[in-house]
1. Taking the stretch 111-139, which residues are within 30 Å of ASP13 (Cβ to Cβ), assigned to a loop (DSSP other than H, G, I, E, B) and either within 16 Å of the ligand (Cβ to nearest atom) or in contact (Cβ under 8 Å) with a residue 40 or more places away in the chain (or both)?
2. Sort out which residues of the stretch 87-109 are away from the ligand (no atom under 15 Å from the Cβ) and surrounded by 11 or more Cβ atoms within 10 Å (Cβ to Cβ), and write them in order of number.
3. In the stretch 268-280, what residues are more than 11 Å from SER251 (Cβ to Cβ) and either near the ligand (Cβ under 10 Å from one of its atoms) or out of contact with any helix residue (DSSP H, G or I) (no Cβ under 7 Å at 6 or more places or on another chain) (or both)?
4. What are the pairs with Cβ atoms under 9 angstrom where one residue, in the stretch 89-110, is without any contact (Cβ under 8 Å) to a residue 24 or more places away in the chain and the other, located anywhere, is polar (S, T, N, Q) and away from the ligand (no atom under 12 Å from the Cβ)? Sequence gap at least six, or different chains.
5. Criterion first (surrounded by 18 or more Cβ atoms within 10 Å (Cβ to Cβ), more than 15 Å from the ligand (Cβ to nearest atom) and touching a residue at least 24 places away in the same chain (Cβ under 8 Å)) does SER305 satisfy it?
6. Is it the case that TYR198 is more than 16 Å from PRO82 (Cβ to Cβ), surrounded by 16 or more Cβ atoms within 10 Å (Cβ to Cβ) and either touching a strand residue (DSSP E or B) at 6+ places or on another chain (Cβ under 9 Å) or of a type in the set (Val, Ile, Thr) (or both)?
7. How many residues, within the stretch 212-224, are hydroxyl-bearing (Ser, Thr, Tyr) and surrounded by fewer than 19 Cβ atoms within 10 Å (Cβ to Cβ)?
Amino acid sequence: MTGKYDIAKLNRDYAVKGRIAFREGPCDEPVIVLAENHGACEVSLYGGHVLSYRPVGYFPVLWLSPSAAECRQGKAIRGGIPVCWPWFGAAGFTAPDGSALPAHGFARTQAWNLLRTDYDSYSTSATLLLTDSPETRALWPGKFRLELKVTIGANLTLELKTFNEGTSDFEITEALHTYFRVKDIGGVAVAGLDSREYIDKVSGAESVRQSGDITFSSETDRIYSDTSEKCFLNDTSLGRRIEIAKSGSSSTVVWNPWIEKSKTMKDMPEDSYKSFVCVETANAAAEKIVIPAGGTHTMTLSISSSFIEDSRK
Ligand code: TA6
């Protein structure tokens, strides 16, 4: 036993052969391995962070930094699916004591708890739980319960459910900040956002209309609004299409840091920008979610992949 968990005991008590297992992970928090006939995924209790997803017979769907295993307390794991909550991007406000707040909220740097695991003929799942604490209340006053249900089956599905446990409304922005692995960023297009408006965080333009598919040749950082439909990541050189379906989400964020920004990011190799693109399931910018006292809000993401003809042949 190295950290606060006895992984061997967790496996003795809760592992299910071929379905559920536990391993050591970042920041001394266990990683839960979930498997089913169609594929497998892993989710860390540190940050409630999905680290990997691989459908049987396919290339890994998510990109994860080689430095992820060395992630330190208070830092977010680079790659996989970070949970950005209870705010996306800059907080836009200060902590109750007036101090500055980290980008993308605190959920992705907290230790979550494992609420339950389930499996049946079609899927295997784990439900993780984060609740407010003196540490979170020092950053944000909300009294909350946050559940993340990760399900592996024919697809990978994440369900992020916010419960307002307080006596007054609170407002959140949020994102499942998914890093999709690609063979080469130059051969990638994101489809399904044509004619949608976006905020361009690189140029500062507040309202730009998308024309056609999104391709990548420089730093790209866009928040698309009024986007509740599924979108697609077409990786022609890999011969793969990833379908990104969702519910309870109005915003879609598309990000690639490109060359110069990548050089400033010390938790990944400089050329990593060639190997991933983030298409994020979100409620961001003006698309805030107000949750009344005692109320809930659920955002879901479902990822599936299929082969496509390599259009270059
Ligand atoms: O989702 C895009 C973005 O907001 C970018 O502006 C960039 O900051 C990225 O998130 C990564 O943020 P992080 O705090 O994880 O380095």
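Only the coordinates and a few stated rules stand behind these numbers; no lab work does. These figures come from a predicted structure and were not determined experimentally. Glycine gets a Cβ as well: all are built from the backbone with ideal geometry, and neighbour counts include every protein chain shown.
1. The initial filter retains those residues of the stretch 111-139 that are within 30 Å of ASP13 (Cβ to Cβ), namely 111-136.
If we keep only those that are assigned to a loop (DSSP other than H, G, I, E, B) as well, we get 112, 120-123, 132-133.
Answer for the stretch 111-139, where residues must be within 30 Å of ASP13 (Cβ to Cβ), assigned to a loop (DSSP other than H, G, I, E, B) and either within 16 Å of the ligand (Cβ to nearest atom) or in contact (Cβ under 8 Å) with a residue 40 or more places away in the chain (or both): TRP112, TYR122, SER123.
2. Residues of the stretch 87-109 away from the ligand (no atom under 15 Å from the Cβ): 93-99.
Passing the criteria: THR94, ALA95, PRO96.
3. Narrowing the stretch 268-280 to residues more than 11 Å from SER251 (Cβ to Cβ): 268-279.
MET268, PRO269, ASP271, SER275, PHE276, CYS278, VAL279 - these are the residues of the stretch 268-280 that are more than 11 Å from SER251 (Cβ to Cβ) and either near the ligand (Cβ under 10 Å from one of its atoms) or out of contact with any helix residue (DSSP H, G or I) (no Cβ under 7 Å at 6 or more places or on another chain) (or both).
4. ALA100/THR94
5. Values: surrounded by 18 or more Cβ atoms within 10 Å (Cβ to Cβ): yes; more than 15 Å from the ligand (Cβ to nearest atom): yes; touching a residue at least 24 places away in the same chain (Cβ under 8 Å): yes.
Judged against the criteria, SER305 is a match.
6. Working: more than 16 Å from PRO82 (Cβ to Cβ): yes; surrounded by 16 or more Cβ atoms within 10 Å (Cβ to Cβ): yes; either touching a strand residue (DSSP E or B) at 6+ places or on another chain (Cβ under 9 Å) or of a type in the set (Val, Ile, Thr) (or both): yes.
Here the answer is yes, as TYR198 does meet what is asked.
7. Filtering the stretch 212-224 down to residues hydroxyl-bearing (Ser, Thr, Tyr) leaves 215, 217-218, 220, 224.
If we keep only those that are surrounded by fewer than 19 Cβ atoms within 10 Å (Cβ to Cβ) too, we end up with 215, 217-218.
Total satisfying the criteria: 3.
Per-residue answers, yes or no, for (1) part of a loop (DSSP other than H, G, I, E, B); (2) among the small types (Gly, Ala, Ser); (3) in contact with a helix residue (DSSP H, G or I) (Cβ under 6 Å, 6 or more places away or on another chain); (4) at positive phi:
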residue	(1), (2), (3), (4)
ARG241	no, no, no, no
LYS266	yes, no, no, no
ALA282	no, yes, no, no
ALA286	yes, yes, no, no
